[in-house]
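Student: Next up is a structure, given as structure tokens.
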Amino acid sequence: MIRHDCAPVSSRLAAIGESPLWSEREQAVYYIDCNAPALYRLTPATGEERAWKMPCRIGGVVLSESGPVVALKTGIFALDPIDGSLTEIAPAPLNDTALALHEARCDPAGRLWVGVINLGYVSHGKRGGAELFRLDGGRLVSCAEAAGGTVSNGLAWSRDGSTLYYADTAERIIWAFDYDVATGSVGRRREFHRLPEGMGVPDGATVDSEDGYWFACAGAGRLRRLAADGTLEHEFTTPCDWPTKPAFGGPQLETVFVTSLSIRGAKPGKEELEGRLFAMPAPVRGLTETLFKAIV
């Protein structure tokens, strides 16, 4: 196990901190709080932090040339960063109030993908209901190849875009799919990695410049880096027990930012750590996040 200097960079304690995302243009990291719904932007160089409150649960964020695009419980919306107004891009095609959009990401071509969380799993262990959607011409289209599961997480693409990674948190499995960047089509599925009992559950993820897949082991206070064949190469500790997602940032993409949650409570001595945003030096640089493009 490799221990790194992972330290808090924000004083905010999020209920469910998620979706860290680096803006190269702004040299700032965006992240969200799902349950106390808001989008945040932290500028590490100055410590300045800005907040945009959301009207309902927020499950993810991506960036476009004109600003953030957020996945809310009710749909996908473009956020005006000046006045905070929201413009609907696509409604959420969910008929069950226990389901919500969760874990948004853009593929290497700029297509927006978003998963689903079964909120009943969080509250009382209910299973099922997860899906993976692709934004197509103003509507969210379900991906049949990735149907099933309970909590969508771990969305990421390999460096060349030929592999889509997608985790089912409740089952502790990370899947890998063949992926066609030109068409956005998903192909053959295979098991990529399975977390053993006692190592928490797989949460959010990212891929580095050497094709390593990083993901948070929520509940176990760990980040894992997997090789392209799914083997465990490195494991990093975090100060919190409930990390939720890593993301690369900084001027040279040399920093790993990590969100965390506090709704599970904290062990004695960790009350001021669960729910914080952390940062640590990365042993390898990250990849630039693709901006959202409305592909029709």
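Student: Would you mind telling me which numbered condition in (1) touching a residue at least 40 places away in the same chain (Cβ under 8 Å); (2) surrounded by fewer than 24 Cβ atoms within 10 Å (Cβ to Cβ) residue 265 fails?
Tutor: (1)
Student: Given (1) within 21 Å of residue 146 (Cβ to Cβ); (2) without any contact (Cβ under 8 Å) to a residue 40 or more places away in the chain, identify the lone condition not met by residue 233.
Tutor: So residue 233 meets the others, but not (1).
Student: Let me ask you something else. Picking from 206, 244, which residue would you name as being farther than 22 Å from residue 99 by Cα and touching a residue at least 40 places away in the same chain (Cβ under 8 Å)?
Tutor: Exactly one residue qualifies, and that residue is 206.
Student: Could you list, in sequence order, the residues of the stretch 84-100 that are assigned to a strand (DSSP E or B) and of a type in the set (Ser, Thr, Tyr)?
Tutor: To start, the set of residues in the stretch 84-100 that are assigned to a strand (DSSP E or B) comprises 86-91, 99-100.
Of everything in the stretch 84-100, just one residue is assigned to a strand (DSSP E or B) and of a type in the set (Ser, Thr, Tyr), namely 87.
Student: Let me ask you something else. Could you look through the stretch 58-110, keep only residues that are of a type in the set (D, E, K, R) and crowded, with 18+ Cβ neighbours inside 10 Å, and pick out the one that is farthest from residue 34 (Cα to Cα)?
Tutor: In the first step, residues of the stretch 58-110 are kept if they are of a type in the set (D, E, K, R); the result is 65, 73, 80, 83, 88, 96, 103, 105, 107.
Cutting the leftovers down to crowded, with 18+ Cβ neighbours inside 10 Å gives us 73, 103, 105, 107.
Working: 73: 10, 103: 10, 105: 16, 107: 22 Å.
Of everything passing the filter in the stretch 58-110, 107 is farthest from residue 34 (Cα to Cα).
Student: Next question, about the same structure. Can you tell me which of (1) assigned to a loop (DSSP other than H, G, I, E, B); (2) under 29 Å from residue 285 (Cβ atoms) is the one residue 21 doesn't meet?
Tutor: Only one criterion is unmet by residue 21, namely (1).
Student: Taking only the stretch 170-183 into account, find how many residues are in contact (Cβ under 8 Å) with a residue 12 or more places away in the chain, out of contact with any helix residue (DSSP H, G or I) (no Cβ under 8 Å at 6 or more places or on another chain) and of a type outside the set (D, E, K, R).
Tutor: Looking only at that region, the number is 6.
Student: Related question: Do we have residue 171 as of a type in the set (Asp, Glu), more than 15 Å from residue 107 (Cα to Cα), surrounded by fewer than 21 Cβ atoms within 10 Å (Cβ to Cβ) and modelled with pLDDT under 95 here?
Tutor: Values: of a type in the set (Asp, Glu): yes; more than 15 Å from residue 107 (Cα to Cα): yes; surrounded by fewer than 21 Cβ atoms within 10 Å (Cβ to Cβ): yes; modelled with pLDDT under 95: yes.
When the stated conditions are applied, residue 171 passes them.
Student: For the stretch 230-271, give me each residue that is part of a loop (DSSP other than H, G, I, E, B) and in contact with a Pro (Cβ under 8 Å, 6 or more places away or on another chain).
Tutor: Of all residues in the stretch 230-271, those part of a loop (DSSP other than H, G, I, E, B) come to 230-231, 238-242, 250-254, 262-271.
Selection gives 239, 250, 254, 270.
Student: While we're on this one: Run down 86, 101, 112 and say which single residue is among the aliphatic types (A, V, I, L, M), touching a Cys at 6+ places or on another chain (Cβ under 7 Å) and at pLDDT 95 or above. Even if it seems obvious, please write down each step before you answer.
Tutor: Values: 86 fails: touching a Cys at 6+ places or on another chain (Cβ under 7 Å); 101 fails: touching a Cys at 6+ places or on another chain (Cβ under 7 Å).
The conditions single out 112.
Student: Can I ask one more? Quick one: which of 18, 65, 49 is under 24 Å from residue 253 (Cα atoms), out of contact with any strand residue (DSSP E or B) (no Cβ under 7 Å at 6 or more places or on another chain) and not polar (S, T, N, Q)? Spell out the reasoning first.
Tutor: Numbers: 18 fails: out of contact with any strand residue (DSSP E or B) (no Cβ under 7 Å at 6 or more places or on another chain); 49 fails: out of contact with any strand residue (DSSP E or B) (no Cβ under 7 Å at 6 or more places or on another chain).
It is 65.
Student: If you don't mind, there's one more thing I want to ask. Select the strands (runs of 3 or more DSSP E) contained entirely in the stretch 110-186, then report the ones holding at least 2 residues which are of a type in the set (Asp, Glu). Steps first, answer last, please.
Tutor: Numbers: elements: 112-118, 132-136, 139-142, 152-157, 163-168, 173-180.
Ranges flagged: 173-180.
Student: Hey, residue 207 hits all of (1) within 16 Å of the chain's Cα centre (by Cα); (2) in a loop (DSSP other than H, G, I, E, B); (3) among the aliphatic types (A, V, I, L, M) but one; which does it fall short on?
Tutor: (2) is the only condition that residue 207 fails.
Student: Do we find that residue 9 is surrounded by 20 or more Cβ atoms within 10 Å (Cβ to Cβ), within 19 Å of residue 206 (Cβ to Cβ) and either among the acidic types (Asp, Glu) or out of contact with any helix residue (DSSP H, G or I) (no Cβ under 9 Å at 6 or more places or on another chain) (or both) in this structure? First the steps, then the outcome.
Tutor: Details: surrounded by 20 or more Cβ atoms within 10 Å (Cβ to Cβ): no; within 19 Å of residue 206 (Cβ to Cβ): yes; either among the acidic types (Asp, Glu) or out of contact with any helix residue (DSSP H, G or I) (no Cβ under 9 Å at 6 or more places or on another chain) (or both): yes.
Answer is no for this residue.
Student: Do you know which residues across the stretch 27-55 are assigned to a loop (DSSP other than H, G, I, E, B), open to solvent by 60 Å² or more (accessible area, probe 1.4 Å) and without any contact (Cβ under 8 Å) to a residue 40 or more places away in the chain?
Tutor: Step one: filter the stretch 27-55 for residues assigned to a loop (DSSP other than H, G, I, E, B), giving 27, 34-37, 44-47, 54-55.
Then drop every residue that is not open to solvent by 60 Å² or more (accessible area, probe 1.4 Å), which leaves 27, 35, 44-46, 55.
Of everything in the stretch 27-55, those that are assigned to a loop (DSSP other than H, G, I, E, B), open to solvent by 60 Å² or more (accessible area, probe 1.4 Å) and without any contact (Cβ under 8 Å) to a residue 40 or more places away in the chain turn out to be 45, 46, 55.
Student: Output the residues belonging to the stretch 206-226 that are in contact with a strand residue (DSSP E or B) (Cβ under 8 Å, 6 or more places away or on another chain), among the small types (Gly, Ala, Ser), at negative phi and open to solvent by 10 Å² or more (accessible area, probe 1.4 Å).
Tutor: Filtering the stretch 206-226 for residues in contact with a strand residue (DSSP E or B) (Cβ under 8 Å, 6 or more places away or on another chain) gives 206-209, 212-219, 221-226.
Of the ones still in play, those that are also among the small types (Gly, Ala, Ser) are 209, 212, 216, 218-219, 221.
Cutting the leftovers down to at negative phi gives us 209, 212, 216, 218.
Result: 209, single match.
The values are calculated or read from the model by the stated rules, or taken from the named source; none is laboratory data. All values reported here derive from a predicted model rather than from experimental measurement. Positions of Cβ are backbone-derived with ideal geometry, glycine not excepted, and every protein chain shown enters the neighbour counts. Ligands, DNA and RNA are stripped out before the accessible areas are found, and what is left, the full protein with its side chains, is counted by its heavy atoms. Shrake-Rupley method; radii C 1.70, N 1.55, O 1.52, S 1.80 Å.
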